[in-house]
Each structure stands twice: as structure tokens, then as C-alpha cells.
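Accompanying notes for the structure given below.
The values are calculated or read from the model by the stated rules, or taken from the named source; none is laboratory data. Note that the structure is predicted; figures quoted are calculated from it, not measured. Don't worry about glycine lacking a Cβ; one is built from the backbone with ideal geometry, like all the others, and counts go over all protein chains shown. Calculation scope for accessible area: heavy atoms of the full protein, side chains included, ligands and nucleic acids excluded. Shrake-Rupley method; radii C 1.70, N 1.55, O 1.52, S 1.80 Å.
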Amino acid sequence: MAFRLYNTLTKQKENFEPVTPGKVGIYLCGPTVYKESHIGHVIGPVIFDALKKYLTYKGYQVKFVVNITDVDDKIINEAKRLGVPMKDLAEKLTAAYFDALDQLGVNSIDEFPRATEYIPKMIELIQRLAEKDAAYATETGDVYFDVTKCSNYGKLSHRKSDDQLEGSRELAGGGKRNAADFALWKAAGADEVGWDSPWSRGRPGWHIECSVMSMALLGETYDIHGGGMDLIFPHHENEIAQSETATCKPYVKYWLHNGLTRIQTKVAGGEWKNEKMSKSLGNIRPISELLEAYPPAVIRYFLLSTHYRRPIDFSDQALTDAQKGMMNIYRLLDRVNRLNGEDVYRYPCDVNSLTELAHTDEDHALREVLTAGQLKFLETLDDDFNTAGALAALHDLATAVNRYIDRRQLETKPDSDARTLALQAGRMITTLGRILGVFTEPLKSADSDDELTEKLMALLIDLRAQVRKDKNFALADAIRDKLTALGIALEDRPEGTIWVKM
RNA sequence: GGCGGCAUAGCCAAGUGGCCUAAGGCGACGGUUUGCAAAACCGUUAUUCGUGGGUUCAAAUCCCACUGCCGCCUCCA
């Protein structure tokens, strides 16, 4: 089956065919760094990081760019409020953003261009527009894009600008030819950061940096541009207008928009409702807070467990449930590791060995389930990158492997080939998971255990084994119950007792 | 006021014309296993997909109306 993606531009799923065969360029709108990043800022990176990994798996050579908007009115105002230079504020917040991405396993982004590094190129683009009379300067030194010079303005958001303007928009700035015209360049106040330009000492408008940086790094026509649904209008609409008017070429082939993160907010009257998380609504949950409360792998899994175009509601309940579900697979992976004294994460599944190792009917049945699961996983992703469906396929596989280990009683009967088959089956799960950046390594808990804890737990388990041997079950159970109260679960398994933190 | 999206079990969530008497997860309830647990496995938990019409041999999936929620039109990932 061909890989299909939903394109906001055409409002339908389309077969994916890159502009240049074999190569894919992806640009994702990154943060404006004026306040700490919240959960909504990482959903795009996680989704598109997974998408790049999938495209790479499919054999494409992918270049993935995420911008950092480090000059903007909001940053200037926030820096003023804090009494720090704009640059320092932007750098500090950018570093925090990078740290969050790193923790979430977002490691496939090739370039993070910063707006301040592309000012000359922005001025160039504005000049190109001015030559075509699509950009005009006002008396105050601001420069606007004239939307009437773009014949298909509104093609992405599917709205006609005339319909929108009835009493809704203030003509901020003044001097505009049309109400829908947007700023390409803004004159700076005396005490504000600014760059010299033919029109005024000033700074770029909001949309220009994405057009310039994406085209500089990916070409004037590239494959995929992503962002949150809230960016469709005006941001992406304006990007298209200014880019295509300047180049007379199609700007982007596939526009992908992810659903917004919602969170419960208490509204006037004391009721709760789910609404978009955004800085201006004041209901943000910083990503740093979340990364302390949950293992980053859980957040990544949670974000991928809903189709990317749907809004996703964040709550502790939802994250806890996701973690529990995810643990099922981690437990299975631990189980095959114990069985083989091997690392299931380290090597990919050796598909040929599945056939070589299969002897009994049970073995062959497992092999068939694995093949079917792999197919389901990949086919599901091919249909508009349905990560939720793909993760379901991994759960099916985990259940099948658990069942296999149970039926073949591998924990009590040493059957080397069967155990290896179970290991390879586990590796099928990690191999597929790796395509989305999940189940790539053992789950790290928020607080790691030190060596002393390990030794003390070994000691307790040893003592408890002794009293169990003596049939002193009351004492053995007391030890277990008290550990449970401390958040530690003991599991008496055929090969011995293991402990896990709950 | 204009434009758009969504509505699937107790909860989360796939599926968007026939393989659906609808994946997967959480929760719940039985059973196997266990000294007892935990974990794992097996089984049960939506004849039905917001409501009402319509199209079709066939609809959760298409069309119309209605209701509710969300988003955009001003900064937003």
C-alpha cells in the first residue's frame, strides 16, 4: 500500500510522492521563545520526529528543520519586563526547549535555524516582493504584504478574506491598503533591538522567518510543512502568500497539521472544561513540570497513542493509564531478557532466524503472528501515519509472545531454540517500536535507583526466600505487604523473585 | 456574525461505504496459575457508533437537519 497523508491544502488523503524522488524535506514551526515551553510545543516535534523516522525506515533521505523564532514583539516585551537582554532570554528558553526534546527522544531534527541569523535573507525576500509591488512601506517604516496581489489568498484555510473582516479586525499600525494585509517588517522603537533595512531600522514581521528559513534550507518548493492547527490561519496562509508571490513556484506540497493539546481549565462559575492550552489563556502546563512527574518515554507514548490530527486531552489520569498500558510491553521485554540473559533492545529482529528456529506448531503459529503484526503495524502507519493503530499492533504482539512463553513453559523448561525464538519475537517489537522512537531502551524511572537500594532489595528478597522455604508465610507476606506500602511490588516468578517500583 | 473540526463501551481511543454482530489500552467481573499474592494467560464487559431523516443491494463510514463540544477569524505549537 502506498503511503498516504492528509493534506490540509486539498482536504483529503493523498499518496505521498516527494518533489525529488527519494528525498524529503520537512519543516515544522517551532516555538517563539518568550516563555517556557508547554506540552503543546513538544507534540509537533514528537510527531514529526516519528514521521521522519518512519520515512527514513521507508528508505527516504529526509532533512528535518525546526525553526526557533528568537525575535518578536512578545520576546521584546517579556525581556523588558524581566529587565534582561532579549538575546539572553531567548537563549535560555531555547536551551530549555532543546533539553525537553532531548528527553523525549526527539533526536532527528537536522537544523534549528534562528530567525536572527536570517535577517539579511528576510530583507532580500521583502525586496523581491516590493519589486513586484506586493509589498509596500508606510510612512512609519513598516512594510506590509498586499494580499490582493496574491490571487489565491485563502487557499489553505479555505476562507475568503472578504468574509472574515466584518468588524472583527482592528487596523493596527494604520497605513494598510487592505485590512487583511500583514506586516513583513516593523520599525523598531528607539530602545528596541533592530536591524537596518531599506525601509527603517526594525525587525521582521511574524511570518517571514518561516518562509525564508525553510526555503533557504529545503528549497523554494519542498515536501512537508507541519504545525499546530491554530497556525493554519493566518500564519501558514501568509507564508504561502509571501513565498509563492515571490518565487512564482508552489511553496509546499503537503501541509500537515496536528490537533491541539487541551487541558482542563476552571472557568468563571467554577465549572471545568477542556480547552486549548495556550500562553494567552494562562492554562499552560510547562513541559519541564511534566518531565519531572512522568518518564519522558510515557509522554512520548501518550502523544503517539492518539492520531496526530485529533486534539489530545492532557490529564494525570490519561498519562497514568498510558503508562500502565505501556508497562505491559516493557514487562514482556524484561521477561524475554530474563529468559535469555540477553538485551532485547540492542539488536534488531533477525527475521530469517524466525523460520530457522520454528520447529513445533506453536513456534510456527508465533512466527505467523509476528509476520501479521509487522504487516499491520506498517500498513496502519501508511494510512495517514496512524500511530495509534500501530501501537495497538505492538500490544497484539506482546500478548502473543507472553502466550507463547506460557504455553511452551519456557521459564521452567530450558529449550534453547524456543527461548531464542521468544527473544527474536521481543526484538520484533523493539524493531518496530524503534521506527516510532518507542521501546528503544528500558524504561527509566524519574528517580533512578542507587547501588545501595539494589543491595538492600537483594538482601530482603534473600531473607524472604529463606522464611518462605521454612513455610513462615506470615512473615514472608508481611515483608511483601510492607514493601507494597512503600511502592515496591514483589513478583515471585519461576526463576526467582523480582522487584519493581510501582 | 463568518469559516472549519469533532461526537465510537464506565473512561481513553482506532476504524471513515461491504473483511465491523467495531482494533488496542485503562478499569471491572469470572477462570487458569500461585502457599497466598503479583505478573502472565483464557473468557465476559458497544447487535452498536450524539439525535432525527435520507441515499444505497449494503452506512459508524455518504447527504440533509438538529443538539453538544472544540478551534480559527487578534498572539498562539
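Any residue at all in the range A:135-155 that is β-branched (V, I, T), open to solvent by 60 Å² or more (accessible area, probe 1.4 Å) and either modelled with pLDDT under 95 or part of a helix (DSSP H, G or I) (or both)?
Within the range A:135-155, one or more residues are β-branched (V, I, T), open to solvent by 60 Å² or more (accessible area, probe 1.4 Å) and either modelled with pLDDT under 95 or part of a helix (DSSP H, G or I) (or both).
Restricting to the range A:382-397, what's the tally of residues that are in a helix (DSSP H, G or I) and more than 8 Å from RNA strand B (Cβ to nearest atom)?
Total satisfying the criteria: 4.
Looking only at the range A:409-418, filter to residues that are more than 11 Å from A:L366 (Cα to Cα) and either surrounded by 16 or more Cβ atoms within 10 Å (Cβ to Cβ) or in contact (Cβ under 8 Å) with a residue 24 or more places away in the chain (or both); which one of those is farthest from RNA strand B (Cβ to nearest atom)?
Taking the candidates together, the pick is A:D417.
Report the residue count in the range A:452-502 for those that are charged (D, E, K, R), away from RNA strand B (no atom under 11 Å from the Cβ) and farther than 20 Å from A:V336 by Cα.
Going through the range A:452-502 one residue at a time, the tally reaches 5.
Out of A:V65, A:V33, report the one residue that is touching a Ser or Thr at 6+ places or on another chain (Cβ under 9 Å) and more than 27 Å from A:E289 (Cβ to Cβ).
Answer to the check: A:V65.
A:E368 versus (1) within 25 Å of A:G228 (Cβ to Cβ); (2) out of contact with any helix residue (DSSP H, G or I) (no Cβ under 9 Å at 6 or more places or on another chain); (3) not hydrophobic (A, V, I, L, M, F, W, C): which is the lone unmet condition?
Against the list (1) within 25 Å of A:G228 (Cβ to Cβ); (2) out of contact with any helix residue (DSSP H, G or I) (no Cβ under 9 Å at 6 or more places or on another chain); (3) not hydrophobic (A, V, I, L, M, F, W, C), A:E368 comes up short only on (1).
Being in a strand (DSSP E or B), in contact with a Leu (Cβ under 8 Å, 6 or more places away or on another chain) and within 11 Å of RNA strand B (Cβ to nearest atom) is the filter here; which residues of the range A:226-269 pass it?
Those that are in a strand (DSSP E or B), in contact with a Leu (Cβ under 8 Å, 6 or more places away or on another chain) and within 11 Å of RNA strand B (Cβ to nearest atom): A:G226, A:G227, A:G228, A:L256, A:H257, A:T265.
Look through the range A:416-473, keep the residues that are in contact with a Pro (Cβ under 7 Å, 6 or more places away or on another chain) and not hydrophobic (A, V, I, L, M, F, W, C), and return whichever of them is farthest from A:S288 (Cα to Cα).
If we take residues in the range A:416-473 being in contact with a Pro (Cβ under 7 Å, 6 or more places away or on another chain) and not hydrophobic (A, V, I, L, M, F, W, C), then A:R427 is farthest from A:S288 (Cα to Cα).
Need the failing condition index for A:V46 against (1) in contact with a strand residue (DSSP E or B) (Cβ under 9 Å, 6 or more places away or on another chain); (2) open to solvent by less than 20 Å² (accessible area, probe 1.4 Å), just the number.
Looking at each condition in turn, A:V46 falls short on (1).
Which number in (1) assigned by TED's automatic domain parsing to the domain that holds A:L101; (2) within 11 Å of RNA strand B (Cβ to nearest atom) marks the one condition that A:G282 misses?
Just one mismatch for A:G282, condition (1).
Any residue at all in the range A:341-356 that's within 8 Å of RNA strand B (Cβ to nearest atom) and modelled with pLDDT of 95 or more?
no
On the given criteria, is A:G83 of a type outside the set (D, E, K, R) and open to solvent by 60 Å² or more (accessible area, probe 1.4 Å)?
yes
Which of the residues belonging to the range A:280-293 are surrounded by fewer than 19 Cβ atoms within 10 Å (Cβ to Cβ), in contact (Cβ under 8 Å) with a residue 40 or more places away in the chain and not in a helix (DSSP H, G or I)?
Answer for the range A:280-293, where residues must be surrounded by fewer than 19 Cβ atoms within 10 Å (Cβ to Cβ), in contact (Cβ under 8 Å) with a residue 40 or more places away in the chain and not in a helix (DSSP H, G or I): A:R285, A:P286.
Out of all the residues in the range A:429-448, is one or more within 10 Å of RNA strand B (Cβ to nearest atom), outside any helix (DSSP H, G or I) and open to solvent by 30 Å² or more (accessible area, probe 1.4 Å)?
no
Taking the options A:K273, A:K249, A:K253, name whichever one is free of Cβ contacts under 8 Å to residues at least 40 places away in the same chain, among the basic types (K, R), more than 23 Å from A:I39 (Cβ to Cβ) and open to solvent by 10 Å² or more (accessible area, probe 1.4 Å).
A:K249
Please go through the range A:77-128 and give me each residue that is more than 26 Å from the chain's Cα centre (by Cα) and among the polar types (S, T, N, Q), ordered by number.
Of everything in the range A:77-128, those that are more than 26 Å from the chain's Cα centre (by Cα) and among the polar types (S, T, N, Q) turn out to be A:N77, A:Q127.
A:L354 - would you say it is surrounded by 19 or more Cβ atoms within 10 Å (Cβ to Cβ) and either outside the structural domain of A:R338 (by TED's automatic domain parsing) or in a helix (DSSP H, G or I) (or both)?
In short, yes.
Which of the numbered conditions does A:L375 fail, given that it passes all the others? Conditions: (1) over 13 Å from A:G426 (Cβ atoms); (2) in a loop (DSSP other than H, G, I, E, B); (3) open to solvent by 70 Å² or more (accessible area, probe 1.4 Å).
All conditions are met except number (2).
Sort out which residues of the range A:294-318 are under 17 Å from A:H41 (Cα atoms) and assigned to a helix (DSSP H, G or I), and write them in order of number.
Answer for the range A:294-318, where residues must be under 17 Å from A:H41 (Cα atoms) and assigned to a helix (DSSP H, G or I): A:P296, A:A297, A:V298, A:I299, A:R300, A:Y301, A:F302, A:L303, A:L304.
Return the pairs, sorted by first residue and then second, in which the second residue is of a type in the set (D, E), the first residue lies in the range A:192-208 and is in a loop (DSSP other than H, G, I, E, B), the beta carbons are less than 6 Å apart, and the residues are 6+ apart or on different chains.
A:H207/A:E239
Determine if the range A:74-85 includes at least one residue that is part of a loop (DSSP other than H, G, I, E, B) and farther than 25 Å from A:I208 by Cβ.
Yes, the range A:74-85 contains at least one residue that is part of a loop (DSSP other than H, G, I, E, B) and farther than 25 Å from A:I208 by Cβ.
Look through the range A:18-43, keep the residues that are without any contact (Cβ under 8 Å) to a residue 40 or more places away in the chain and assigned to a loop (DSSP other than H, G, I, E, B), and return whichever of them is most open to solvent (accessible area, probe 1.4 Å).
A:P21
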